[in-house]
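As structure tokens, the structure follows; a few thoughts come after it.
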Amino acid sequence: MHRRFKLNMPKISIIAGSTSDEEVYKKAERVFKENQIDYDLKIISAHRNPKELDDYINKCDSLIYIAVAGLSAALPGVIASKTSKPVIGVPVSAKLNGLDALLSIVQMPPGVPVACVGIDRGENAAYLAIRILDLLK
């Protein structure tokens, strides 16, 4: 799945590990549309589609990544290991009320930073991304 809300070149990429995360990434999409912020949305699993993820990150011009993931929530850390751009992780409450995903996202090794918002808080990831963009102006 690929969806792009485009006024100009997207500055933010939302990458979700699965279409089952739709309820969460739609929250970020709503914030970006309300604020007329360009974004790109891709559904790419770090586990099932590692080559596609590598290709996307290598070709992507976005300045910020939002990674939406549940369960083992490897996606934000994998993205952060492949780019020097900011990565915001959004844990999804798929199992264990999302604590498994939350802990996976916040426990990154040194040198692989990932910002983390609350469980299922796609809208806060969008607001944080907008604040980061404001700093770049």
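Derivation of every value follows stated rules applied to the coordinates shown; laboratory data play no part. What you see is a predicted model; the values in this text were computed from it and never measured. With ideal geometry, Cβ positions are generated from the backbone for all residues, glycine too; neighbour counts draw on all protein chains shown.
Approximating the spin labels as points 7 Å out from Cα along Cα→Cβ, the S81-to-K59 distance works out to 2.3 nm. For the residue pairs K59/K95; K27/K95; K42/K95, the C-alpha atoms sit more than 31 angstrom apart in K59/K95. Among the trypsin sites (Lys or Arg not before Pro) found in region 1-96, those both in a DSSP coil and sparsely packed, with 13 or fewer other Cβ atoms within 10 Å of their Cβ, are K6, R48, K95. Considering helices alone, the calculated mean residue ellipticity of the chain at 222 nm is -12000 deg cm²/dmol, with DSSP H runs of length four and up weighted by -39500 (n - 2.57) and normalised per residue.
So how do V114, V106, V68, V31 line up by other beta-carbon neighbours within 10 Å, fewest first?
With the fewest neighbours first, V114, V106, V68, V31 line up as V106, V31, V114, V68.
Summing Cβ point charges (Lys, Arg +1; Asp, Glu -1) relative to the Cα centre of the chain gives a dipole of roughly 220 debye.
Translational diffusion coefficient of region 32-73 (Stokes-Einstein, Kirkwood radius from Cα pairs, 37 °C, 0.692 mPa s): 276 µm²/s. Three principal axis extents describe the C-alpha atoms of the chain; from largest down they are 37, 29, 27 Å.
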